[in-house]
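The values are calculated or read from the model by the stated rules, or taken from the named source; none is laboratory data. Everything numeric in this text was worked out from a predicted model, so none of it was measured. Here the Cβ is made from the backbone with ideal geometry for all residues, glycine too, and neighbour counts use every protein chain on show. Calculation scope for accessible area: heavy atoms of the full protein, side chains included, ligands and nucleic acids excluded. Shrake-Rupley method; radii C 1.70, N 1.55, O 1.52, S 1.80 Å.
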Amino acid sequence: MAAPLKVGVAGLGTVGAALIAQVARQREALAVRCGRAIDIVAVSARSRAKDRGIDIKKMKWVKDPVELAREPGIDVFVELIGGAGEPARAAVEAALASGKSVVTANKALLARHGVKLADVAERSHVALNFEAAVGGVIPIVKTLREGMAGNSFERIYGILNGTCNYILTRMEEDKLPFAECLKEAQRLGYAEADPSFDIEDHDTAQKLAILASLAFGTKVDQSAIYVEGISSITPADLWAAGELGYRVKLLGVAVRTPKGIEQRVHPTMVPKSSSIAQVMGVTNAVTIDAADIDPLTLVGPGAGGAATASAVLCDIGDIARGVRTAPFGRPAGRLTDVRKAPMQRHEGGYYIRLIARDKPGTAATIAKRLAEQDISLESIVQRHDPAHLGRDTQAGSVPVILITYATSEDAVRKALAAVGRDRVISGHPQVIRLEKN
Ligand SMILES: NC(=O)c1ccc[n+]([C@@H]2O[C@H](COP(=O)([O-])OP(=O)(O)OC[C@H]3O[C@@H](n4cnc5c(N)ncnc54)[C@H](OP(=O)(O)O)[C@@H]3O)[C@@H](O)[C@H]2O)c1
C-alpha cells in the first residue's frame, strides 16, 4: 500500500470537528477504498483549549493557518475556516503555491477568488477541490465537472439555501408570516446570526456563481448575478400559488439564452408536480437540464457538520487516489467573462398579485394595460383567500391574481406602472417569476 496521505486541517468548528470524527471512524474503510491511509497530522483553529468532542492529541497544533498551509509535513491542506478574507484566502493561496493540494468548503472564497486560485492550482499541478461548497452532501460539483463532462448544459437551477426553503415551507404549511418563520429558523440554529446573508440571498448567489462556472465555462463572478430575496413573500402568495398549481421556492437559476448565460436568484413559482417543488424544509436540490436527456434532480442535506464533512472527505479521497481535474472543469485561462443579465429582457411566465379597487371598470383597465404590452393570461383568480391571508387587503378592494404566458420582464413592469397610474389598485403589485420544469 502507498504511503499515507498526510492532511492538515485549518478550522475545527462545525465542519472541521465532524471531519476529524469521520476520518477516525472510517480509517480502515478509507484506506481500502483509496489504496492508502488518510492521516490528519496537523490542525489549526483559534482556541487550542476549546473542547470540541474530538481527539486531536496526536496531531500537531499550528497556531497560524497560513503556517499550517506551508507545513512541509503535509500533502493536503483542508481549509474549513470560512470567509473570503484572511486568513482563509492567504492560507489557501500559500498551500497551492507551495505545491499542496487544497480541499475547501468555502463558497465565499471561491465566489470571490475562485478563478485566481484555480490558476495557481493549475500552475502548481495540484488539486483544488470544493465539493462541500455547494449543496452540502449533494455531489453536484463532481456531477457537473466529471459525471456529466460529456453533456452540453442548458440550464441548472436549484434550492441552494436550506434556511430560505425552511422559511417558505413553514409559511406555506402553517400560514405563518415571514418574520415569524425567520425567528424560528434562527432559534433552531438554521439561519445565520445576521440573516440578511441567507434571505437577501448572497449565499445562493455565491453557490450559483460556482455552478454556472462549472456548467457553462464562465468565470466565477457573483456580481453578474441578479439577486432578489424572499422577504416580500406573504402567506397569501403561497396560498394563491397552491390554488393555481404552483409552489414558491427561492431558486438560483443559470440558463443559456441567445443573449448569453443568464444568472439569477429570486423567489420562483414552480409547478407543484415538479421534482424541485417536492423539496421541503432545510433540504437542498439541484436540477440539471442538458441537451438530449430528460432533466435530472439531485436532492439531499445541504448543510450540517456531518453532511458537509462527508463531501470534504470525498474530495480528500480523490487526492489520495491521485485524481486531479481542473477545478472548474476546464483550464482557468479558458473560462469566459460573464456579463450581468439584463433582467428587463428576461422572458418567462409571471405571477402577479394586485389589490384591485372594487369598482366598475377596474378589470377592464387592468386587461387593457396588459394587452397594450402583448401580455396574454393563462389564468385569473379574483377572490379573497379563505384564511384572509392577504392582510394588506382593505375594505372595498379585492385581490386579483394573474398568471401570464411567456412575456418579458420589461412588458410586465411597463403594464404594472400604467395600472398604477390608472389608480385602480392599492399598494405595490407582487410579481413572482415562473420557472418551467
Ligand atoms: N456549517 C455548515 O453546515 C456548512 C455547510 C457548507 C459549507 N460550510 C462552510 O464550511 C466552512 C466552515 O464552516 P463551519 O460552519 O465549520 O464554521 P465554524 O463552525 O464557524 O468554524 C470555523 C473554524 O475556523 C476557526 N477559525 C476562525 N478564524 C480563525 C483564524 N483566524 N485562525 C484559525 N482558525 C480560525 C475557528 O476556530 P475556533 O473554533 O477556535 O473559534 C473554528 O474552528 C465555511 O467556509 C462554511 O461556509 C459550512
### Message
Across the stretch 142-267, what fraction of all alpha-carbon pairs, as a whole percent, falls in each successive 10 Å bin from zero upward?
### Response
13, 39, 30, 16, 1
#### Entry: Cα long-axis angle, helix 362-372 against the chain (0 to 90 degrees, to the nearest 10)
60 degrees
### Summary
So, with points 7 Å from each Cα along the Cβ direction, the Asp337-Ser273 label distance in nm works out to 4.4 nm
### Query
With axes computed from alpha carbons, what is the tilt in degrees of helix 107-124 against the longest principal axis of the chain, rounded to the nearest 10 within 0 to 90?
40 degrees
## Note on the structure
The helix 88-97 Cα axis meets the longest alpha-carbon principal axis of the chain at an angle in degrees, between 0 and 90 and rounded to 10, of 50 degrees
### Query
Averaged per residue, what accessible surface does the chain expose to a 1.4 Å probe, in Å²?
43 Å²
### Message
Need the full-extension length gain, Arg413 to Ala2, defined as separation in residues times 0.36 nm minus the C-alpha distance. One decimal, nm.
### Response
141.6 nm
### Message
Keeping all protein chains in the complex and leaving out DNA, RNA and ligands, what accessible area do you get for Tyr157 with a 1.4 Å probe, in Å² to the nearest 10?
### Response
10 Å²
### Task
Using a 10 angstrom cutoff on alpha carbons, build the Gaussian network for the chain and name the most mobile of Leu296, Leu144, Leu96.
Leu296
### Accessible-area composition of the chain, carbon plus sulfur, in percent [1.4 Å probe]
50 percent
### Summary
Descending packing, highest mean Cβ count within 10 Å first, for 306-315, 361-370, 238-247, 103-112 is 103-112, 306-315, 238-247, 361-370
### Summary
In nanometres, the difference between 0.36 nm per residue of separation and the alpha-carbon distance of Arg52 and Glu180 is 42.9 nm
